[in-house]
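Just below is one structure, and these are the notes that go with it.
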Amino acid sequence: MMAEVLKNSKVLQTIKDSLDKNTMSDIKATLEDLLSNCLNIAVIGKRVPEKMTFINSLRGLGDDDVGAAHAGPADTNKEPIMYPHPQHSDVRIWDLSMPESNECNPNEYLETVKVNRYCSLIFTVSERLAVACAALWKELHKGEKELYFILLTSVTDSSDSLLEKKRSIMESFKNQGVKSPQVFLVSSSALHQLEFMDLLEAMEKNIPELRMNALLFSLPTFSVPILKKKRAAFKAVVWTAASLSGGASTIPLPTVSSVLDVNMLMKILNKARDSFGLDNKSLERLAKQARLPVAELESARTSELSIEISKLVIQRKLALAEKERSLGAKLVDTALTGSVKSMTKSFTTMYFMLTASLDELEEDAVRVLRKAYGDNY
């Protein structure tokens, strides 16, 4: 099982190579990148309420929240607008206005909006602008940059009308020479519905792993499937931290390396708690969306890590992990070879501590979701 994790992650393969070369500084840099990796996502299209709501949803905000994106009744600002994530400052969503004509020059437009700034571009497509979308797609493919098309739903859409719009747009794309076009139906205010998860699957194939993880960590925990994706992304963090712990001499806390101090462990677990939507601000927003008292959601948190992450809590978790270390040493040895085996004691202690902690946080996140929405999420 652990060998499979290594095989499927370029980040973890890099860590293994660094361990074999005994370059701990590379592993520390990788861990820092996993916890803070600058990500710019562009959302292209006319500035309409549905698009603004979608941008807010990506940032875990409602339209009435402080810092939410809004489109005025006569928005004449054509400049890109950057919206930082309220909790993950390394993630930025950019609102790019699109000319309302199919006659715009795609090369000039992409140069104007500084297209190379963005890791990924999402186009809120419409039937009227299908030709312009196709032209942008062709221009971007010259530079091997991906453009993802989404069709945002409105309150007036029915299932039949949405499918007809999607069929019409895809037919137009094919007529314009777009190969194998994909258009994802997305609810601007309910990301758990329709095809947003399919969009993420498509993006995972093209976005570098570190940046895709940054996106996953920043997205609101709106369903159990997205929570599972977040949890899987944290495997790289666990293995990197464990490798760093195993690669250096011990310090005051037994089995924790001098390169990986308690403050870094607190940073990792705070990142996970915030990503899983267990911090107080996330619970307040979820309570507002679910129309429940925030105390009801808070009652679903059973792990002390969901409430407070302190040095004392981490010390207790490390002591417990040390007791379990001998049980897992054989499992870890089957996944790692060479120089890594000599670090098994410190590695496995850190591995068990972080894995058990993330399991607790994940279980609490599932309980919170069920408390908010029932078993349908």
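The values are calculated or read from the model by the stated rules, or taken from the named source; none is laboratory data. Since this is a predicted model, take the numbers as computed values, not measurements. Please note: Cβ atoms are built from the backbone with ideal geometry, for glycine as well, and neighbour counts cover all protein chains shown. Just so you know, the surface numbers come from the protein's heavy atoms only, side chains and all, with ligands and any DNA or RNA stripped out. Shrake-Rupley method; radii C 1.70, N 1.55, O 1.52, S 1.80 Å.
Rolling a 1.4 Å probe over the protein heavy atoms gives the stretch 156-230 an accessible area of 47 Å² per residue.
At 1.4 Å probe size, what's the solvent-accessible area of residue 156? Round to the nearest 10 Å². Surface open to solvent at residue 156 totals about 120 Å². Close amide H contacts of residue 184 (hydrogens built in the peptide plane, cut-off under 5 Å, sequence separation of 5 or more or a different chain): 149, 150, 151. If the limit is 18 Å between Cα atoms, which of 323/345; 145/230; 205/229; 46/78; 229/323 go over it? From 323/345; 145/230; 205/229; 46/78; 229/323, over 18 Å: 145/230; 229/323. Taking K and R as +1 and D and E as -1, what net charge do the other residues with C-beta under 13 Å from the C-beta of residue 148 add up to? Here the count lands on -3.
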